[in-house]
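> Mind looking over this structure? Questions follow.
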Amino acid sequence: MVEQELIVFLWEGSPWAGKVQAYLALRGIPYAVCLQPITQPRPDLAALGIKYRRIPVISMGRDIYCDSLLILEKLEEWFPDAQHQRIGANDATGKALEKLLEKWTDVAVFVHAAAAIPSELDLVRDPAFQKDREELWGRPWTKAEQDRLRPSGLANLRTHMDFLEMLLGDGRHWVLGANGPGLADIHACWIFNWLFALPGALPDHFFNEQHYPRTIAWRDRYDEAIKNAKKEAPTPKELTGIDTINKILDSGFLELQLKVEEDPSGYKAGDEIEVYPTDTGFTRRDTGKLAGLTTQEVVLSTTTQQAGSEIHIHFPRWNFSIESAAAT
C-alpha cells in the first residue's frame, strides 16, 4: 500500500476525469481533489512547473502522472487486492481486450464524440471556451464548425454503438462476463456514459432502445453501478491549490528506482528533453532532464516555479513524443 496521498487535479464534468473517478469509486480508493478551471490558465499546475494542459492529472508525493492511460495502469499497480478489490482482468485475453477497448475509445471514438457536442450548449458558445479548445484541438470550435462536424460525428458514433451491440450480443451484462463492472467496462463505456448525460448530445431518434437495446441497458447498469459505488466509497476531500502544492512539496518521491532503458530514441539519463502529446494539447511541452524511460513510460525531472523544488512528471509513451530540448 502506498503511503503518499493520492490527489486528483480535475474540472467537474470532465469525461476523462469521470473515467478515473469511476475506477476509484468501484475500487473504493480514497483520494483528494484539487479543482481546476475548465479552461487555461490553471495556476496550481503551473506553479508546479507543469505545462501539460489536459485533465486529469494525479500526484503521489512529488511524482506527477499525466494521461488517464498511465494513471489507470499505476492505480492497478499501487493498490493490491487486500485493500481494494482489483477490477482488471487476470487472464491474457481479458487484459488484451481491456487494452484494445482503451485504445478504441481513446483514438477512434473520442474524436467523433467531440464533434457531436451540440453547439447550443452555453459553454460551447462561450468565446473563452472556444478559444481554449481551439488551442487544445488545433481546429476551430466555432458554432459553425461544430454544426458542420456534428452530423458526421453522430453517424460515426452509431457505427461504434453497432460494435458494442455486437459485443454484448450474447446477452452478457458486462464486457468480460463478470458479475459486475470491470476495467474493460470502464474503458468501453466512459465516453458513451458522458455523452448520454450531456443534454442534446445524442438524439433519441437515432440512439434509443429500439436501435441499441443491449448497449443502452448496459450503459444504464454501468451508470447505476458507478453512482452506487460513489455512495459507498470514501468521500473525496477537496484541497485548495495552496494546500495541494504544500502537500506535494512536503512529500518525498513515490518511485525511487527509475530506470532509463536502451531506446531507439538514443536518449540517455540526464539528457535535456521535451515531452508532449501528439493528438491534442501538443502546443504545450514539458521540458526537463530524462529520469526514466521504458517502452511504456517517460519521466522528466523538473523544478517547480515557486520554490525550485524537484518533481518528476510521468507520461505514457502512447501518443506522446520525445524530442531534444536543445533542438527547440
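The values are calculated or read from the model by the stated rules, or taken from the named source; none is laboratory data. Keep in mind that what you see is a predicted model, and the values were worked out from it rather than measured. Ideal geometry is used to build each Cβ from the backbone, glycine not excepted, and the neighbour counts take in all protein chains shown.
> What number goes with the only condition from (1) buried (at least 17 other Cβ atoms within 10 Å of the Cβ); (2) under 16 Å from Pro37 (Cα atoms); (3) in contact (Cβ under 8 Å) with a residue 40 or more places away in the chain that Leu157 does not pass?
Answer for Leu157: the failing condition is (2).
This table checks each residue for (1) in contact (Cβ under 8 Å) with a residue 60 or more places away in the chain; (2) out of contact with any Lys or Arg (no Cβ under 7 Å at 6 or more places or on another chain); (3) surrounded by 13 or more Cβ atoms within 10 Å (Cβ to Cβ).
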site	(1), (2), (3)
Glu224	no, yes, no
Ala233	yes, yes, yes
Thr244	yes, yes, yes
Phe253	yes, no, yes
Leu258	no, yes, yes
Glu261	no, yes, no
Gly266	no, yes, no
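> Let me ask you something else. On the given criteria, is Asn193 of a type outside the set (Asp, Glu) and surrounded by 19 or more Cβ atoms within 10 Å (Cβ to Cβ)?
yes
> Of all residues in region 47-77, count the ones that are under 20 Å from Ala17 (Cα atoms), part of a helix (DSSP H, G or I) and modelled with pLDDT of 95 or more.
Residues flagged as under 20 Å from Ala17 (Cα atoms), part of a helix (DSSP H, G or I) and modelled with pLDDT of 95 or more within region 47-77 amount to 8.
> For the subset of region 129-151 comprising residues that are over 22 Å from the mean Cα position of the chain (by Cα) and crowded, with 16+ Cβ neighbours inside 10 Å, which member is nearest to Ile38 (Cα to Cα)?
Gln146
> Considering every residue within region 236-254, establish whether at least one is more than 24 Å from Lys19 (Cα to Cα), in contact with a helix residue (DSSP H, G or I) (Cβ under 9 Å, 6 or more places away or on another chain) and in a loop (DSSP other than H, G, I, E, B).
No, because not a single residue in region 236-254 is more than 24 Å from Lys19 (Cα to Cα), in contact with a helix residue (DSSP H, G or I) (Cβ under 9 Å, 6 or more places away or on another chain) and in a loop (DSSP other than H, G, I, E, B).
> Please find, among Phe282, Phe315, the residue that is in contact (Cβ under 8 Å) with a residue 60 or more places away in the chain, farther than 30 Å from Asn179 by Cα, aromatic (Phe, Trp, Tyr) and in a strand (DSSP E or B).
Values: Phe282 fails: in a strand (DSSP E or B).
Being in contact (Cβ under 8 Å) with a residue 60 or more places away in the chain, farther than 30 Å from Asn179 by Cα, aromatic (Phe, Trp, Tyr) and in a strand (DSSP E or B) holds for just one of Phe282, Phe315, which is Phe315.
> Considering each residue of region 3-39, count those that are surrounded by fewer than 17 Cβ atoms within 10 Å (Cβ to Cβ) and over 27 Å from Lys227 (Cβ atoms), and give that number.
1
> Inside region 112-170, can you point out the residues that are of a type in the set (Lys, Arg) and within 18 Å of Ala201 (Cβ to Cβ)? Break it down into steps so the answer makes sense when it comes.
Our first condition is that a residue be of a type in the set (Lys, Arg); within region 112-170, this holds for 125, 131, 133, 139, 143, 148, 150, 158.
Passing the criteria: Arg125, Arg133, Lys143, Arg148, Arg150, Arg158.
> Here is a follow-up. Collect the residues in region 167-179 that are without any contact (Cβ under 8 Å) to a residue 60 or more places away in the chain and either in contact with a His (Cβ under 7 Å, 6 or more places away or on another chain) or over 15 Å from Val109 (Cβ atoms) (or both), keeping them in residue-number order.
Passing the criteria: Leu168, Gly169, Asp170, Gly171, Arg172, His173, Trp174, Gly177, Ala178, Asn179.
> Right, something else. Taking region 255-292 on its own, how many of its residues are under 18 Å from the mean Cα position of the chain (by Cα) and hydrophobic (A, V, I, L, M, F, W, C)?
2
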